[in-house]
Amino acid sequence: YSNPTCADGRHTITHLFEWKWSDIAQECERFLGPYGYCGVQVSPPNENRVVTSPNRPWWERYQPVSYKLETRSGNEQQFRDMVERCNKAHVRIFPDLVINHMTGSGGSGSGTGGSNWDGNSLSYPGVPYSNLDFNDGSKCHTGDLNIHNYNNAEEVRNCRLVSLVDLNLGKDYVRGKIADYMNHLIDIGVAGFRIDAAKHMWPGDLTALLGRVHNLNTNYFPSGTKPLIFQEVIDMGGEPIKMSEYFQSGRVTNFIYGIKLAQVFRKQNQAKFLKTWGEGWGMPNTNDVIVFIDNHDNQRGHGGGGGVLTHFEPKPYKMATEFMLAHPYGWTRVMSSYNWDRNFQDGEDKNNWIGPPHNEDMSIKDVTINSDMSCGDGWACEHRWRQIYNMVAFRNVVHGTGLTHWWDNGNYQIAFARGNKGFIVMNAEGSDLNSNLQTGLPQGTYCDVISGNYENGQCTGASIHVGGDGQAHFHISGGSEDPVIAIHIGAKV
Ligand code: ARE
Ligand code: CA
């Protein structure tokens with residue numbers, strides 16, 4: 001379950017957070033396919049609770065009502081159309097799977113697909129689940145059935161995460177309903193899943209569940225291909241539940257990764273130490289993780305948030321993302337956000353609930369595209385930033401090579417090569433970088449893909465001349481907004 005199910009030569013996914021299926025389908029065709037992305041993590045496709053106080057927060061989608069494919073992102077027919085068009089564009093779809101729980105306890109109503117639910121009697125007829133399908137007082141021993149102590153693994157897995165009513169995945173019936181849902185999505189043609197709140201489910205229940213899941217649809221994938229699974233397990237080292245318990249059922253989210261890189265690019269820890277980045281920093285094996293700079297939770301202070309870089313700080317954010325995409329460690333995910341008006345009070349953003357850009361009737365707005373390729377109407381579209389999409393291509397070009405020719409100045413200036421295919425120089429120092437460096441690349445002129453593109457055999461930004469001995473001269477001004485140069489053999493004039 002940890003083999004990426006990407007089309008050949010593609011190695012990075014992006015999370016198009018809260019996008020509509022119709023926009024994702026277009027984005028696969030007009031951008032993600034042509035620019036070399038492997039795939040898209042999409043918001044939970046199943047029916048969710050309609051939350052009106054606050055009004056339609058993004059997090060309502062983490063409160064399932066049924067497994068019917070009907071949400072603010074679109075209906076089943078639109079979902080199918082997206083999967084088909086994206087696969088045709090060689091872009092894979094990875095739905096976010098919320099299977100640990102249903103809605104918050106208490107309250108009742110009808111969901112985004114019209115199914116009724118009752119969080120008092122634990123009735124979800126759209127599945128159907130009844131009170132018999134949940135962990136209750138027999139399995140969870142906290143007085144209010146909620147999780148309070150993350151140092152008690154049993155409590156974390158059998159009690160309610162922020163009052164979300166906790167499904168009993170030990171039950172055959174529950175596993176069957178979830179497997180049916182997953183198989184429905186697999187048969188439509190998805191390539192794998194993000195598993196939400198995996199920490200809150202028993203590893204044995206997850207492997208048993210996966211045992212009931214189909215191989216991927218042979219219209220798009222070689223026969224016998226298993227879905228790629230990446231599990232959300234927040235493990236920063238201080239709790240009994242470890243990422244390693246979940247390697248059997250796929251990859252895990254490496255949350256330390258973004259926090260540590262934020263420290264470097266905020267100049268709280270010298271960049272020279274990145275020489276041993278990856279397993280050398282005590283992180284899991286490269287094949288067991290998905291890595292990212294920020295995610296939809298920690299970019300707004302949810303889910304162990306705090307301290308990570310986001311699109312609100314573009315200079316260090318781009319640098320951290322460039323480093324991630326240049327470095328061989330991990331399977332990479334690029335966040336793609338929308339903007340909201342942050343309102344910090346006592347260090348907390350009171351607006352961190354705000355949902356995606358929407359129309360009067362609360363339907364999600366279309367993603368509009370400007371003439372410079374950026375997005376409009378509140379969509380941040382980091383995945384379309386030149387410095388980021390060109391490094392996605394860099395990663396594709398250098399795939400399979402190791403890290404070579406490491407150089408640093410003992411402080412915040414670093415450089416390294418990827419075999420004889422690519423080279424990156426980063427200056428996080430503030431003062432100029434002016435050095436001759438060994439690039440490992442064949443002689444020639446290369447486009448710096450940070451300051452510009454390689455178009456019609458020419459560079460729209462800076463060019464770098466590599467000599468017959470592999471050396472090149474680099475000058476990066478300390479005050480530059482983009483103090484990075486990256487070159488690779490796919491952008492050689
Ligand atoms: C909302 C309201 C709550 C309310 C609840 C039920 O905010 O006040 O009680 O509804 O009515 C998201 C939001 C939540 C939201 C939820 C449901 O973040 O605020 O609750 O949707 O609408 C832990 C988990 C981790 C989880 C984070 C948020 O381990 O799995 O908390 N992350 C995923 C998603 C979230 C989503 C959910 C799970 C739920 O990515 O977007 O919640 O489906 C330490 C621990 C971590 C812990 C962290 C935060 O770091 O190590 O394990 O993360 O603290 O508590
Ligand atoms: Ca649970």
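The values are calculated or read from the model by the stated rules, or taken from the named source; none is laboratory data. These numbers come from a predicted model, not from an experiment. Backbone-built Cβ (ideal geometry, glycine too); neighbour counts: all protein chains shown. Calculation scope for accessible area: heavy atoms of the full protein, side chains included, ligands and nucleic acids excluded. Shrake-Rupley method; radii C 1.70, N 1.55, O 1.52, S 1.80 Å.
Rg/Rh for segment 1-158 stands at 1.05; both radii use Cα atoms, and Rh follows the Kirkwood definition. Say a paramagnetic label sat at a point 7 Å from the Cα of S431, along Cα to Cβ; which residues of segment 262-301 have their backbone N under 16 Å from it? Residues 271-272 fall inside that zone. Rounded to the nearest 10 degrees, the angle from helix 386-398 to the longest Cα principal axis of the chain is 80 degrees. Net charge of the neighbourhood of L437, taken over other residues with C-beta under 13 Å away and scored Lys/Arg +1, Asp/Glu -1, is -2.
Between the C-alpha center of segment 53-99 and that of segment 242-257 there is a gap of 24 Å.
Averaging the Cα positions of each part gives two centres, and for segment 150-207 and segment 16-39 these lie 27 Å apart. Looking at the chain, the DSSP beta bridges with both ends there are about 65 percent antiparallel.
Close amide H partners of A197, meaning residues 5 or more places away or on another chain with modelled amide H under 5 Å apart, are E232.
How long are the semi-axes of the equivalent ellipsoid of segment 220-328, taking √(5λ) for every eigenvalue λ of the Cα gyration tensor, in whole Å from largest down?
The answer is 25, 16, 15 Å, longest axis first.
Here the chain exposes an accessible surface that is 44 percent carbon and sulfur, computed with a 1.4 Å probe and the other protein chains kept in place.
Here's the list of lysines a cross-link from K20 could span, going by alpha-carbon distance under 30 Å and ignoring same-chain residues fewer than 8 apart: K68, K88, K177, K199, K226, K315, K318, K350, K365.
Which percent of Cα pairs goes in each bin when the distances of segment 307-434 are cut into 5 angstrom slices starting at zero? Each 5 Å bin holds this share of Cα pairs: 2, 9, 15, 17, 16, 14, 11, 8, 5, 2, 1, 0. Between amide H atoms placed 1.01 Å from N, distances below 5 Å from T439 occur with Q471, A472, all of them 5 or more places distant or on a separate chain.
Restricting things to alpha carbons, find the Rg to Rh ratio for segment 422-478 using the Kirkwood radius for Rh.
Computed over Cα atoms, the ratio is 0.97.
Using a probe of 1.4 angstrom and keeping all protein chains present, the accessible surface of the chain works out to 36 square angstrom per residue. As a ratio to 2.2 N^0.38 Å, the alpha-carbon radius of gyration for segment 55-112 is 1.33. Between segment 425-439 and segment 389-420, what is the separation of their alpha carbon centroids in Å? If we compute the Cα centre of each part, the gap is 13 Å. Seen from every direction in turn and averaged, the convex hull around the alpha carbons of segment 176-236 projects onto 4.4 nm².
Temperature 20 °C, viscosity 1.002 mPa s: under these conditions the Stokes-Einstein estimate for the chain, based on its Kirkwood radius over C-alpha pairs, is 91 µm² per second.
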